[in-house]
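> Just passing along the structure, written as structure tokens.
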Amino acid sequence: MLPEMKLKTGLAEMLKGGVIMDVVNAEQAKIAEKAGAVAVMALERIPADIRKEGGVARMSPVDKVQEIMGVVSIPVMAKARIGHFVEAMILESLRVDYVDESEVLTPADEQYHIDKFQFKVPFVCGARNLGEALRRIGEGAAMIRTKGEAGSGNIVEAVRHLRTLRTQIRRLTTLGREELVNEAKELGAPLPLVDWVSKNGKLPVPNFAAGGVATPADAALCMWLGAESVFVGSGIFKSEDPERLAHSIVEATTHYQDAKILAKCSQGLGTAMKGLDIHTLKEEERLSERGW
Amino acid sequence: MRIGILAVQGAVEPHRVKFENLGVESVQVKTPKDLVNLAGLVLPGGESSSMIHLLKLNGLWESVSEFVHQKPSWGLCAGTILLAKEVISPAQESLGVIDITVVRNAYGRQTESFISNLNPSPNWVDQESLEGIFIRAPKISRLGPSVKTLFTHHGDSVMVREGITLASTFHPELSESNKLHQYFLSLCQESR
């Protein structure tokens, strides 16, 4: 592995087993840190509001990012639009710790993602399946997260993406050398990465879950399905008692295998965010369809 | 001999692999009962504020504190912050088992993370330099009288030992070499 990549994936390694929370301002960032978040993700509006209000969703305003960086000691990540390498350059110059090239924001380029090797700041990108994950890693992503369906409060898409990834990785490990070139073609993924996955039975970078996590049980489910950490967006600040829910999701992510602890931390949480049935969303309303 | 790896959050898996390579079994420590029959405990890298939060649940803080005051332990990065007597920038509660002061995120943010060769001090077992991976690393700004430096980087102590306690500010679990893990295992073996 290149030394640069060691540092980039190294930070993701440190975030494992933790929860990364979407925040739009300093006040929310402080709540997240106090609840035990391993990092916060700065964005202009949380996905549920982007969904409701519509319009173009962009990088968080610079002063908001700085305000958030000023109040917490944990890493601060920020979202940039797909293909918007200038937003990424600005975020890097602000010294954010990770950039999320995210389908939750309105894509700036419908053909190309950012050439992430050009940056010192590490990138995380969303993926629905192995091909998409390996294309992003081929472009320099140092962490993959499932896309899920952001702002839906519905875990079904994140589960689909985690399971798809797991099944496709397992399949690769059963193939012979001579089958890999064709497999790389089918997946639309670089052969050296396909080869690596077939030998190692996992992605070459950490694999986190995101999109639709609304309860401690949702977070634990993602961990069971192979996610190494969990991103929570709208779920927390759209719930009745954000502080308490944030705290519970952190505990549930660590103790995902212990049903007694999960039951305890699921108590007295009030109402979770209402959520959406994925089947009622039109194709153009699905954020996970953005990026390729 | 079994080694525990504190697993409330952080880089747990790379340590498991290192110990496996050295033929030693390791277990994840998430609750007080996981500390039974361990020869030593690794407190891995991660986010120290998040770890403290999780340690305070389920009585783990007290159990881990008792363990590290009696048995060998090795803190790395966030783990060093947990083991230190004093933490600054910002000040933070700690287990206070090794007499050092630690400054959090002292090198800066992620874009200032770096890889560099470390120099062994005369207290170390050989004179070979070692790869040091520093990720949003803390600095050790003060060493108590009985704390010995094992490795330095530009004059700063980056790995230290006091009695049966080790602390390092970099990440040997992400490098190729197994030798620091081997060193910790011998320390655990000697103090059984």
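> With the checklist (1) within 13 Å of chain A (Cβ to nearest Cβ); (2) in contact (Cβ under 8 Å) with a residue 12 or more places away in the chain in hand, flag the one item B:Asn119 doesn't pass.
Unmet for B:Asn119, out of (1) within 13 Å of chain A (Cβ to nearest Cβ); (2) in contact (Cβ under 8 Å) with a residue 12 or more places away in the chain: (1).
> Among the listed residues B:Thr111, B:Thr80, which satisfies the condition of being within 14 Å of chain A (Cβ to nearest Cβ), of a type in the set (Ser, Thr, Tyr) and without any contact (Cβ under 8 Å) to a residue 24 or more places away in the chain?
On the way: B:Thr80 fails: without any contact (Cβ under 8 Å) to a residue 24 or more places away in the chain.
Selected residue: B:Thr111, the only one of B:Thr111, B:Thr80 that is within 14 Å of chain A (Cβ to nearest Cβ), of a type in the set (Ser, Thr, Tyr) and without any contact (Cβ under 8 Å) to a residue 24 or more places away in the chain.
> Please find, among A:Ala217, A:Ala150, the residue that is at pLDDT 95 or above and of a type in the set (Gly, Ala, Ser).
A:Ala217
> Quick one: in the stretch B:1-40, of everything that is more than 15 Å from the chain's Cα centre (by Cα) and among the basic types (Lys, Arg), which residue is nearest to the other protein chains (Cβ to nearest Cβ)?
Among those residues, the one meeting the criterion is B:Lys30.
> Further, regarding this structure: Residue check, A:Cys125 against (1) over 29 Å from A:Phe85 (Cα atoms); (2) under 14 Å from the mean Cα position of the chain (by Cα); (3) not in a helix (DSSP H, G or I), all met but one. Which one?
It is condition (1) that A:Cys125 fails.
> To continue, here is another question. Does A:Val156 satisfy the condition of being more than 14 Å from every other protein chain (Cβ to nearest Cβ) and either in contact with a helix residue (DSSP H, G or I) (Cβ under 8 Å, 6 or more places away or on another chain) or charged (D, E, K, R) (or both)?
yes
> Answer with yes or no whether A:Lys8 is farther than 26 Å from B:Ile88 by Cα, of a type outside the set (A, V, I, L, M) and outside any loop (DSSP other than H, G, I, E, B).
So A:Lys8 fails the test.
> Just give me the residues in the stretch B:20-67 being free of Cβ contacts under 8 Å to residues at least 12 places away in the same chain and among the small types (Gly, Ala, Ser), in sequence order.
If the condition is that a residue be free of Cβ contacts under 8 Å to residues at least 12 places away in the same chain and among the small types (Gly, Ala, Ser), then B:Gly23 is the only one that fits.
> Any chance you could count how many residues in the stretch A:49-76 are in contact (Cβ under 8 Å) with a residue 60 or more places away in the chain, more than 14 Å from chain B (Cβ to nearest Cβ) and more than 16 Å from A:Glu284 (Cα to Cα)?
Number satisfying all stated conditions: 1.
> A:Glu92 versus (1) of a type outside the set (A, V, I, L, M); (2) part of a helix (DSSP H, G or I); (3) away from chain B (no Cβ under 14 Å); (4) more than 23 Å from A:Leu225 (Cα to Cα): which is the lone unmet condition?
A:Glu92 satisfies all of (1) of a type outside the set (A, V, I, L, M); (2) part of a helix (DSSP H, G or I); (3) away from chain B (no Cβ under 14 Å); (4) more than 23 Å from A:Leu225 (Cα to Cα) except (3).
> If we scan the stretch B:148-156, do we find a residue that is touching a residue at least 12 places away in the same chain (Cβ under 8 Å), of a type in the set (Asp, Glu) and either closer than 21 Å to B:Lys56 by Cβ or in contact with a Lys or Arg (Cβ under 9 Å, 6 or more places away or on another chain) (or both)?
Yes - at least one qualifying residue is present in the stretch B:148-156.
The rows are residues; the columns are (1) exposed (fewer than 14 other Cβ atoms within 10 Å of the Cβ); (2) modelled with pLDDT of 90 or more.
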{"position": "A:His247", "(1), (2)": "no, yes"}
{"position": "A:Thr253", "(1), (2)": "no, yes"}
{"position": "A:Tyr256", "(1), (2)": "no, yes"}
{"position": "A:Leu262", "(1), (2)": "no, yes"}
{"position": "A:Met273", "(1), (2)": "no, no"}
{"position": "A:Asp277", "(1), (2)": "yes, no"}
{"position": "A:Thr280", "(1), (2)": "yes, no"}
{"position": "A:Glu283", "(1), (2)": "yes, no"}
{"position": "A:Arg286", "(1), (2)": "no, no"}
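> Restricting to the stretch A:11-42, give me the number of residues that are at the interface with chain B (Cβ under 7 Å from one of its Cβ atoms) and either among the charged types (D, E, K, R) or in a helix (DSSP H, G or I) (or both).
Qualifying residue count, the stretch A:11-42: 5.
> Output the number of residues of the stretch B:44-77 satisfying the condition of being within 11 Å of chain A (Cβ to nearest Cβ), small (Gly, Ala, Ser) and crowded, with 24+ Cβ neighbours inside 10 Å.
Result for the stretch B:44-77: 4.
> Residues being surrounded by 20 or more Cβ atoms within 10 Å (Cβ to Cβ) and either in contact with a Cys (Cβ under 7 Å, 6 or more places away or on another chain) or assigned to a loop (DSSP other than H, G, I, E, B) (or both): count how many of those fall in the stretch A:215-245.
9
> Could you identify the single residue in A:Gly188, A:Gly211, A:Gly201 that is touching a residue at least 24 places away in the same chain (Cβ under 8 Å) and either in contact with a His (Cβ under 9 Å, 6 or more places away or on another chain) or crowded, with 19+ Cβ neighbours inside 10 Å (or both)?
Exactly one of A:Gly188, A:Gly211, A:Gly201 is touching a residue at least 24 places away in the same chain (Cβ under 8 Å) and either in contact with a His (Cβ under 9 Å, 6 or more places away or on another chain) or crowded, with 19+ Cβ neighbours inside 10 Å (or both), namely A:Gly211.
The values are calculated or read from the model by the stated rules, or taken from the named source; none is laboratory data. Just so it is clear, the structure is predicted and the values come from calculations on it, not from any experiment. Every residue, glycine as well, gets a Cβ built from its backbone with ideal geometry; the counts of neighbours run over all protein chains shown.
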